[in-house]
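Single-structure report; data block below.
The values are calculated or read from the model by the stated rules, or taken from the named source; none is laboratory data. Just so you know, these numbers come straight off a predicted model, no measurement behind them. Reconstructed Cβ throughout: ideal geometry from the backbone, glycine too, with neighbour counts over all protein chains shown.
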Amino acid sequence: MAAAVLLLACASVLAPAQERADSQGPGARAPAARPAAARIAFYAQAQTFDPAGGGTFVDGILQQQVYETLVEYDCAAGAPYTRMRPLLAEHWESSDDGKLWLFVLRDDAHFHDPYDPPLWPERTRPVTAHDVVYSWLRETDFQSSADNGYAFEGLIAGLDEFHRATAQGADSAAAAWKEAESRGGLADLRALDDRCLLVRLARAEPSFLFLCAESNTAVVAREAVARSGRNFLNQPVGTGPFYLAEWIPGSQAQFRRVSGWRGDPSPFGDGPLPFLDELRVLFVPEPSTRTQLFEAQELEMLSVLGDAYGRLVQDGRPNAELSARGVSLLPVLPVSMSMITINMDDPVLGMIPGDEAGNARRLKLRQALSLAFPYERWAQAVRGGDWAERARSFLPAYMAASAACPQFGHGVESGAEAQRLQQARRLLAEAGYPEGRGLEELVVDLAPPDRVTRTGGEVVAEGWSRIGVRVRQQVGSWAEMQQRTTEGEFQMMTRTWTMQYPDATDLLTIFYGGSGPVANRGRFHDADFDRGFEAYQATTDAAQRDALVVQMVQRLNAAVPVIPIDFPGGTVLLQPWLKNVRMHPFQPYACKYYRIEAP
Amino acid sequence: MLARALRRLLSAAGLAAGVSLILLLVFDSGLLGDPALIETGPKASAQRIGEARLRLGAFSAYEPRLATLHVAGPPQRFVLRSAGDALELRTLDGSQRWRVPLTGRTVQQALAELDGASPAPGWRLSLTPGPGAQERAQAPASGIAAALRGASQSLDTGRGAELAWAEAVPAWRRYGRRIGELFRGDFGVTRTGQPIGAELWSRARRSLALAVPAFLLSTALALALALWAAVRRGWLDRVLAVLSVAGMSVSWVAAIPLLQRWLAADLRWFPIYGWEPPYWTYLLLPILIWTVLGLWADLRFYRSLALEELHQEYVRNARAQGLGGARVLRRHVLRNILVPVLAQSVSALPALALGSLLIERFFGVPGLGGYTVDAVLSGDQAVLRAVTFLSAMCFLLFQWLADLACAWADPRYGARP
């Protein structure tokens, strides 16, 4: 009986097209004879289409198909991947001190509204500098943003005060908005006219343009926010080449080409963008299912992870079967760094102000641990292959300053394992612990409690046991570790830091004393490093910046607040008919460039 | 019957109270970790953590910039942390501790005490007031400790520590509000602001569209095969016994991708993955796999029930009186095993609403199973709380329905207290 009731209740789900949000959008053009459609898959789900919605990495990628930012990364350019291209901004200028920025917006960028009833006649409206001010304020507003934090925190004068006012309650937020709107923005963030945007920074920030390419700074239309209210995260109205035709959370998102889009020229010189009529993004959590879909040619692109790597990739190339079908391989450059962070407040390993003799001994202990770290074993057991770049410095190899940075390893040839171990034993003895005698069992916090984490812990323990150091692994949930380490109640922890943009400060910020206990979890406080960091942020001269990075890395090498392990990257397989794919490390899925070429 | 229904309903209400208590322990006691820390992630500042607590309802007010605390003296590093309703400053080795009790004081009084104080011989504290010091001057000073909870700071002679202020909402009050909201059907929003209630409903429908046909098919098939095996015995019974043991031994995690590869990717009889109209085409293979993998345990259980009934004296008597085998099966055996079959099947129904986590993941059915797994992975406690509450309520409802169904099928069952 109950089952019959349930059957009736669920029967409605089989009725077709209930969830299809596709209406007569701007892309509702007559079907092409052979629509160019591409299908890609992600392991994680999309959660929001609101740029201010605090979404994930996948949300950012999907939002970039619909929304646009002032600038974007130049996907056609190679290392160091810092070159930017105009997007909504036609061009920009900055003052010599790097604090004053003027953006001039292009005059052919329009919002496209695919929903009924449409907001504007012809479903479009030009983008103005006022929209940029509104979008950035909205992203900063505590009440309207689901995110904790905002893009230009501490960077634009008045923005922090605006944020603080909006966090004091709805009345305070309304007053802050009223004041901002009456003045056409903030004193340091305002529209001079419909096309000119003026931004004054509190300091010269080397990553400012990169921040202007982040999806959370994308430009939204005030009318669309007002119309959709809380549902705005499901009804994106952007200026990009695609519009969201359908989104089934937990299953897929489908994008269609905006009819009559302005048609920017392709950086590859093969015509106006976009080339795709349709883009379908599947959310497929199981790697085996993704692999099956790719092998059945139901996906144009496959990100190869974990166990599938050994089967699909051989000797750095697609396996014989895939190669015969013309499948190609693209490496995905790393944007994150794995490391073991040492609590510098720890009495056994840390740096205690005023205790110079003790600090010298503890430094030797940290150096010994870093030299005895089992890099080769880690690469085999944890990475399971060759898809991670070993950390020879604190920056990945493609970063501009990386080549000039001193290599990690305290003067020992990083490849010579036996030599490294010998020196580690010597340093350990000099620290007062010959063969590890007298040294208490060290504790490494690990999370989450999965197979890879446990394997990593075993590899570390085994590696350090070679010099007589005993290690206890404390495996817990990510939340437990987060709580313990934020409180400073740990000795060492494994950590992966994901970079947001291709600038050394992104990574080096975790060592800056002013970063607070969450980012600077190791509680590293070094006056020289901090001075270097602040000088780096204050200068616009590229050569000087590189020199400061080298100087900061030298300080880190000397103090060993972390043991860098590797920069895990990735691999992507491509079907032979998909062209123009560039895996820019900070804008990897630029689907508007993708082109389907008939075999 | 009505009295029994009411009695069971009352006991279900008691269980619901128990469930809500468990929800308190799991979600509001911090057992799963501080949701603010999980939400803000590794790049958070102390201010972001405080604002996340404000957003999550752990704070009702938050002032990030109360004052900056400095220390002067010989090189030394202190840890500044909250200790109950007091501020504690201790050296790294813990040899020296200094506490400032905050209870019963205002922010102004507490800041005045900190400014110029000496936490240990040779060291002196000083304060630089922030924009919030004036605004919160008369607020209770215990808010300084509340803001520092879970995010202690280092303070040394070269660098100050930021003092913030917060009005904490007690866990029991948060719990009461949330339980009230859940019972009113208000499930709140996800971390990114998606309404949970609407999503739960649409996902439950999809889970049921997958689970109910699979469940009915599997139960009917298991019952039919069990009766057949019990009546025929011999080689058929032995073959089904071997198949049952094999079927129960196979891991679903291994079997699902294998069958998916064979039937969908290799033979192309079904779509591999997806969810779009016509939806039923995407449900066929998951239902088939669920039916095939799920029937064996039921088959063994039903077979032993049927065998037990077939050996009862009344069955032999009925046969001796000339009743046909089919009629005996239908009117006597089947009817008598119906109570345990119903009890077992109906109590399995709540799990159906959650669908099969595995099957939904492998085939892309956007049901409740995937929703739950994603919430676990992203640490979205609002979703987890709602799903836990919903499944507990479903369990109670279906237990009640199972009880009524059994009483209806066998009046003797209903006569028992």
Quick one: how many residues across the stretch B:186-208 are over 24 Å from B:G176 (Cβ atoms) and among the aliphatic types (A, V, I, L, M)?
3
Taking the stretch B:124-135 only, how many residues are within 11 Å of another protein chain (Cβ to nearest Cβ) and either touching a His at 6+ places or on another chain (Cβ under 8 Å) or not in a helix (DSSP H, G or I) (or both)?
1
Report yes if some residue within the stretch A:405-415 is modelled with pLDDT of 90 or more and either part of a helix (DSSP H, G or I) or among the charged types (D, E, K, R) (or both); otherwise report no.
no
Of all residues in the stretch A:467-524 being in a strand (DSSP E or B) and more than 9 Å from chain B (Cβ to nearest Cβ), the one that is surrounded by the fewest Cβ atoms within 10 Å (Cβ to Cβ):
A:R472
Pull up the stretch A:118-171, narrow it to residues that are facing another protein chain (nearest Cβ under 10 Å), among the acidic types (D, E) and not in a helix (DSSP H, G or I), then point me to the one that is surrounded by the fewest Cβ atoms within 10 Å (Cβ to Cβ).
A:E153
Scanning the stretch A:216-247 residue by residue, those part of a helix (DSSP H, G or I), surrounded by fewer than 23 Cβ atoms within 10 Å (Cβ to Cβ) and among the polar types (S, T, N, Q) turn out to be A:T217, A:S228, A:N231, A:N234
Please state which one of A:M344, A:M351, A:M339 is outside any loop (DSSP other than H, G, I, E, B) and touching a residue at least 12 places away in the same chain (Cβ under 8 Å).
A:M339
Would the stretch B:251-266 turn up any residue that is within 27 Å of B:V315 (Cβ to Cβ) and of a type in the set (D, E, K, R)?
no
Those residues that are closer than 17 Å to B:Q47 by Cβ and within 9 Å of chain A (Cβ to nearest Cβ), I need them from the stretch B:136-168; list them, please.
B:G150, B:A151, B:S152, B:Q153, B:S154, B:R159, B:E162
So A:P241 fits all but one of (1) modelled with pLDDT under 95; (2) touching a helix residue (DSSP H, G or I) at 6+ places or on another chain (Cβ under 9 Å); what number is the exception?
(1)
Residue check for B:A83: within 13 Å of chain A (Cβ to nearest Cβ), out of contact with any Phe, Trp or Tyr (no Cβ under 8 Å at 6 or more places or on another chain) and small (G, A, S)
yes
Suppose the filter is facing chain A (nearest Cβ under 8 Å), surrounded by 20 or more Cβ atoms within 10 Å (Cβ to Cβ), at pLDDT below 90 and in a helix (DSSP H, G or I); does B:L208 pass it?
yes
Where a residue in the stretch A:61-83 is free of Cβ contacts under 8 Å to residues at least 40 places away in the same chain and of a type in the set (K, R) and its partner, wherever it lies, is surrounded by fewer than 24 Cβ atoms within 10 Å (Cβ to Cβ) and not in a strand (DSSP E or B), with Cβ under 8 Å and at least six apart
A:R83/A:D74; A:R83/A:A77
Here the residues within the stretch B:311-326 that are part of a helix (DSSP H, G or I) and either farther than 12 Å from B:V231 by Cβ or within 51 Å of the chain's Cα centre (by Cα) (or both) are B:E313, B:Y314, B:V315, B:R316, B:N317, B:A318, B:A320, B:G325, B:A326
Return the residues of the stretch A:424-465 that are among the charged types (D, E, K, R), loosely packed, with under 14 Cβ neighbours inside 10 Å and over 17 Å from A:W478 (Cβ atoms); say none if nothing qualifies.
A:E435, A:R437, A:E440, A:E441, A:E462
By residue number, the members of the stretch A:36-70 that are more than 17 Å from A:N234 (Cβ to Cβ), buried (at least 20 other Cβ atoms within 10 Å of the Cβ) and touching a helix residue (DSSP H, G or I) at 6+ places or on another chain (Cβ under 6 Å) are A:A41, A:F42, A:Q64, A:T69
Here's a check for you: in the stretch A:356-372, which residue that is touching a Pro at 6+ places or on another chain (Cβ under 9 Å) and surrounded by 17 or more Cβ atoms within 10 Å (Cβ to Cβ) is nearest to A:V452 (Cα to Cα)?
A:S370
For B:R97, are the conditions met, namely being closer than 24 Å to A:G522 by Cβ, assigned by TED's automatic domain parsing to the domain that holds B:A145 and buried (at least 19 other Cβ atoms within 10 Å of the Cβ)?
no
How many residues are without any contact (Cβ under 8 Å) to a residue 60 or more places away in the chain and touching a Leu at 6+ places or on another chain (Cβ under 9 Å) if we restrict to the stretch A:369-396?
1
Output for the stretch B:84-123, where each listed residue is outside any loop (DSSP other than H, G, I, E, B), out of contact with any helix residue (DSSP H, G or I) (no Cβ under 7 Å at 6 or more places or on another chain) and without any contact (Cβ under 8 Å) to a residue 40 or more places away in the chain:
B:E88, B:R90, B:T91, B:R97, B:W98, B:R99, B:P101, B:T106, B:Q108, B:Q109, B:A112, B:E113
For the stretch A:542-566, pairs from a residue that is assigned by TED's automatic domain parsing to the domain that holds A:R392 and without any contact (Cβ under 8 Å) to a residue 40 or more places away in the chain to a residue that is of a type outside the set (D, E) and outside any helix (DSSP H, G or I), with Cβ under 8 Å and 6 or more apart or across chains, are A:L548/A:T539
Scan the stretch B:62-81 for residues that are modelled with pLDDT of 90 or more and not hydrophobic (A, V, I, L, M, F, W, C) and jot them down.
B:Y62, B:E63, B:T68, B:H70
Anything in the stretch B:176-205 that is away from every other protein chain (no Cβ under 12 Å) and assigned to a helix (DSSP H, G or I)? List them, or say none.
B:G176, B:R177, B:R178, B:I179, B:G180, B:E181, B:L182, B:F183, B:G197
B:V169 passes all but one of the listed conditions (1) under 30 Å from B:V19 (Cβ atoms); (2) at pLDDT below 85; the exception is number (2)
Take B:R48 and decide whether it is part of a helix (DSSP H, G or I), touching a Gly at 6+ places or on another chain (Cβ under 6 Å) and within 13 Å of chain A (Cβ to nearest Cβ).
yes
